[in-house]
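Beneath this line is the structure, given in structure tokens, with notes to follow.
The values are calculated or read from the model by the stated rules, or taken from the named source; none is laboratory data. These numbers were taken from a predicted model, which means no experiment stands behind them. Glycine gets a Cβ as well: all are built from the backbone with ideal geometry, and neighbour counts include every protein chain shown. Protein only, heavy atoms only, side chains kept; ligands, DNA and RNA dropped before computing areas. Shrake-Rupley method; radii C 1.70, N 1.55, O 1.52, S 1.80 Å.
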Amino acid sequence: MIEKMYIDGEWVLAESGETREILNPATEKVIATVTEGAEPDAFKAITAARRAFDHDGWSEVAALERARLLYAVANKLEERAEEFAELDMLDNGKPLREAQFDVSDAVGCFRYYAGIVSKPQGQTYNVPDAMQAMVVREPIGVCGQITPWNYPLLMAVWKLAPALAAGNTVVFKPSEITPLSAIKLFAIFEEVGFPKGVCNLVLGAGPTVGQTIAASHEVDKIAFTGGTVTGRKIMEAATGNLKKISLELGGKSPNIVFDDVDLETAVDWALFAIFANQGQVCSAGSRLLLQESIHDRFVELLVDRAQKIEVGPGNEPNSEMGPLISEAHMNKVLKYIQIGLAEGATLACGGKRINRKGYFVEPTIFTNTHPEMQIVQEEIFGPVLVVQKFKDEGEAVRLANNTIYGLAGAVFTKDGARAQRIIRKLRAGITWINAYHPTYNEAPWGGYKQSGIGRELGTFGYEAYTEVKQININLLDEPVGWFKRE
Ligand code: NAD
């Protein structure tokens, strides 16, 4: 059976008849065959979304009705949570417990945005004339949305829930590597009764489908999550009609640990920071900055714990870390490990592919690094941690900020004032004090510097799917009197 895409309220095959096989990265076996869209399919979806927005009345559907639809999606997703978790586990490789967590977060995201649409919106102003000045928020129009493979369902929902809540129509393209949960999600959209053309799913590759969406003059906004190199291409493609853009890109985020912490606790968080989701997390704590005096002891404890991580297929109950997403990505990660060795860093543990079927790589830690090394500067997007050493606060901040990225960062210390001093100096959009990774639908997500433009989630993420319109209402029924009458 060939899985179809959803365009203008119909489940369709690509015009070209092409297909793509979807693999389970833990077994290297084909788990599904999906239709492979290209430019003509993307055009069809854009045309449908345009019509649904401009002519079919979706943008005038009452906020409460949009909320009802989103609540209905959340309920169905919750009812089928196990089915969705299993799909993401098979398609992406992540351990089942992580996939379950993602589904429950996705349900929460739909509910959050369903709740927001009926809350107070806009502003009024006291202006120096007899005029009521006010601002209303309106949908932007047709939103193109492109996501990566690391959180197949969640990344889709972060984009779809606020866009639909705000009254936009969407053309959504998941990663071609992990489209399965998005297909199921669009089946729910159909079931709950979104009108034809409001939600469109186009499957296919980035340079064809993604590029078409990003470049189309019929698309009013492009929202992208993925690599920084791709983000740059999207931004260039978007210049044709100066569409609104939001970009959630890569990172090389610092996790800074001072010598006053409880070592066991900080080690535990440091492991979670880098090895959750096999390190394939844009906000991963992939650089561990240790204060000199605790460096050796910390690394010893960390290596001991890293070596105990159970790596295996997501469906095995003991698995704590799954495979990497694909052979190509595994090879990229292994190449970085070779680069690290060639650059003279010390391999404290790991470093190898695990000898079994599937794209499994050992949890890997490098010490004795230098700030200019490629493994310190570049995003590896795998289970590879680089350790850096610092003397004092000043050096910690300098090292922490010394990459092109600025997505996330954390500090561990028992000194509350110092924690806040450090966090305020971090050039990063998502930060923690004495924790790493927990973030919430309620709070904005996004990066400084080359980690992105704009924010998703929370009220910021909702506003990012709206235009701001000022309306000035004259309270006097009389001429303006600017030009003489005769
Ligand atoms: P990627 O950039 O290769 O692909 C992401 C998406 O873009 C895919 O759907 C792909 O098909 C599409 N694409 C590729 N080339 C394109 C083009 N020329 N035009 C339009 N679309 C194109 O990223 P990936 O390998 O899927 O994911 C890993 C990257 O995503 C990492 O760099 C990671 O940091 C980043 N990421 C960032 C966040 C965040 O919130 N900041 C979250 C998750 C992942």
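Brief remarks on what is shown
- Some residue of the range 178-191 being crowded, with 21+ Cβ neighbours inside 10 Å, more than 20 Å from the chain's Cα centre (by Cα) and either farther than 22 Å from ASN24 by Cα or assigned by TED's automatic domain parsing to the domain that holds TRP11 (or both): yes
Okay, residues lined up against (1) assigned to a loop (DSSP other than H, G, I, E, B); (2) within 12 Å of the ligand (Cβ to nearest atom):
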site	(1), (2)
MET155	no, yes
LEU164	no, no
PHE172	no, yes
THR178	yes, yes
ILE183	no, no
PHE189	no, no
GLY197	yes, no
GLN211	no, yes
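- Of all the numbered requirements in (1) touching a Pro at 6+ places or on another chain (Cβ under 6 Å); (2) not in a helix (DSSP H, G or I), GLU486 misses one, and that requirement is (1).
- Taken together, the criteria place VAL468 among residues that are away from the ligand (no atom under 16 Å from the Cβ), assigned to a strand (DSSP E or B) and hydrophobic (A, V, I, L, M, F, W, C).
- Of all residues in the range 71-80, none satisfies being open to solvent by 30 Å² or more (accessible area, probe 1.4 Å), among the hydrophobic types (A, V, I, L, M, F, W, C) and more than 17 Å from LEU180 (Cα to Cα).
- First in the range 435-451 and farther than 17 Å from GLY226 by Cα, second anywhere and within 11 Å of the ligand (Cβ to nearest atom) and part of a loop (DSSP other than H, G, I, E, B), Cβ under 6 Å, 6 or more apart: ASN441/LEU457; PRO444/ARG455; PRO444/LEU457
- The set of residues from the range 347-364 being surrounded by 24 or more Cβ atoms within 10 Å (Cβ to Cβ), of a type in the set (Val, Ile, Thr) and either farther than 17 Å from PHE298 by Cα or more than 25 Å from the chain's Cα centre (by Cα) (or both) comprises just one member, VAL361.
- For the range 18-53, a residue qualifies if it is farther than 12 Å from GLY204 by Cα and free of Cβ contacts under 8 Å to residues at least 24 places away in the same chain, and the qualifying residues are LYS29, VAL30.
- Candidate set from the range 366-413 (those that are in contact with a Phe, Trp or Tyr (Cβ under 8 Å, 6 or more places away or on another chain) and part of a loop (DSSP other than H, G, I, E, B)); member that is most open to solvent (accessible area, probe 1.4 Å): GLU378
- Selection count where residues are in a helix (DSSP H, G or I) and of a type outside the set (Lys, Arg), scope the range 110-139: 6
- Boolean, MET134 is surrounded by 18 or more Cβ atoms within 10 Å (Cβ to Cβ) and in the same structural domain as GLU10 (by TED's automatic domain parsing): no
- Looking across the range 471-483, the residues that are open to solvent by 80 Å² or more (accessible area, probe 1.4 Å) and either assigned to a strand (DSSP E or B) or under 21 Å from ILE140 (Cα atoms) (or both) come down to ASN472, ASN474.
- All of (1) closer than 16 Å to PHE275 by Cβ; (2) hydrophobic (A, V, I, L, M, F, W, C); (3) touching a helix residue (DSSP H, G or I) at 6+ places or on another chain (Cβ under 7 Å) hold for ALA345 with one exception: (1).
Yes or no, residue by residue, for (1) within 13 Å of the ligand (Cβ to nearest atom); (2) modelled with pLDDT of 95 or more; (3) not aliphatic (A, V, I, L, M):
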residue	(1), (2), (3)
ARG232	yes, yes, yes
ALA237	yes, yes, no
GLY240	no, yes, yes
LEU247	yes, yes, no
LEU263	no, yes, no
ALA266	no, yes, no
TRP269	no, yes, yes
PHE272	no, yes, yes
GLN278	yes, yes, yes
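- Breaking point among (1) more than 30 Å from TRP149 (Cβ to Cβ); (2) touching a strand residue (DSSP E or B) at 6+ places or on another chain (Cβ under 9 Å), for ASP477: (2)
- Taking the range 251-356 and the strands (runs of 3 or more DSSP E) fully enclosed by it, the elements with 1 or more residues that are charged (D, E, K, R) are at 287-291.
- Pick from the range 140-153, criterion within 16 Å of the ligand (Cβ to nearest atom) and either assigned to a loop (DSSP other than H, G, I, E, B) or open to solvent by 50 Å² or more (accessible area, probe 1.4 Å) (or both), ranking: nearest to ILE222 (Cα to Cα): THR147
- For the range 213-226, residues that are open to solvent by 30 Å² or more (accessible area, probe 1.4 Å) and either closer than 19 Å to GLU248 by Cα or within 12 Å of the ligand (Cβ to nearest atom) (or both) total 2.
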